[in-house]
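I have placed the structure first, in the form of structure tokens, so that the comments after it can refer back to it.
The values are calculated or read from the model by the stated rules, or taken from the named source; none is laboratory data. All values reported here derive from a predicted model rather than from experimental measurement. Ideal geometry is used to build each Cβ from the backbone, glycine not excepted, and the neighbour counts take in all protein chains shown.
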Amino acid sequence: MIFGRSERGKPPVEPVTLKILVAGGFGVGKTTLVGAVSEIRPLRTEELLTEAGRPVDDISGVEGKHTTTVAMDFGRITLRENLVLYLFGTPGQERFWFMWDELSEGALGAVVLADTRRLEDCFAAVDYFERRSIPFLVGVNCFDDAARYPAEAVRQALDLDDGVPLLLCDARDRESVKEVLIGLVRHAMAHTAERRRAATG
Ligand SMILES: Nc1nc2c(ncn2[C@@H]2O[C@H](COP(=O)(O)OP(=O)(O)O)[C@@H](O)[C@H]2O)c(=O)[nH]1
Ligand SMILES: [Mg+2]
């Protein structure tokens, strides 16, 4: 008998596990997003911003934020019984970009979080995924004290390709984050199917 394929019992359903990156600028809500949906206690590696780190980390506009993720956030969410997402929050600071290539290996796609008050902070992430043809979606994290802009205006400001989904979200809200993740999975699946069609003619 091949393990797990007993004639009597149903074969155990192996969930599909997908790897998702959560990227975006410093203080945009990556750690918050992973924490809001993770079923496991999110693994965080954070270090206090020390005096030594201050010249490097641009904390202007992120008042009240005293810690920064230096390695990454890690969490898990079961979207459906047979679909499990592993979330990797990638460090926002430029000095940690060397980790991105390794992290993006085998990833289905990425959520790029944006804050309309500091939109330019997500340009690098958008560029990164565009250049590598990694499917991504932009989640505009709507902070309470930030002005609201229509999705179309943000899309234009980011110069996004038509095919790239853009959603307004609240990184603190589980249902809102789930919608973003489902949107990304749909987009990435369609992207993959299209590529396959193109490859087979
Ligand atoms: N009002 C509001 N605050 C948020 C939201 N998302 C994150 N925050 C706060 O913004 C700060 C930075 O978030 P964090 O998740 O640490 O950002 P990261 O650097 O991208 O991981 C934290 O103090 C959060 O509590 C949001 O959607 N609304
Ligand atoms: Mg963080």
Pairs with Cβ under 7 Å, 6+ apart, first in the stretch 23-34 and farther than 13 Å from Arg172 by Cα, second within 8 Å of ligand 2 (Cβ to nearest atom): Gly24/Lys30; Gly24/Gly92; Gly25/Gly92; Phe26/Thr68; Phe26/Gly92
Index of the failed condition, Asp121 passing every other in (1) away from ligand 1 (no atom under 15 Å from the Cβ); (2) out of contact with any helix residue (DSSP H, G or I) (no Cβ under 9 Å at 6 or more places or on another chain): (1)
Of all residues making up the stretch 152-191, the number that are within 16 Å of ligand 1 (Cβ to nearest atom) and farther than 17 Å from Val22 by Cα: 1
For Gly61: the one exception among (1) surrounded by fewer than 16 Cβ atoms within 10 Å (Cβ to Cβ); (2) closer than 29 Å to Arg155 by Cβ; (3) at pLDDT 65 or above: (3)
Leu108 in contact with a Leu (Cβ under 8 Å, 6 or more places away or on another chain) and either away from ligand 1 (no atom under 15 Å from the Cβ) or without any contact (Cβ under 8 Å) to a residue 40 or more places away in the chain (or both): yes
Single unsatisfied condition, Val177 versus (1) away from ligand 2 (no atom under 16 Å from the Cβ); (2) of a type in the set (Val, Ile, Thr); (3) in contact (Cβ under 8 Å) with a residue 12 or more places away in the chain: (1)
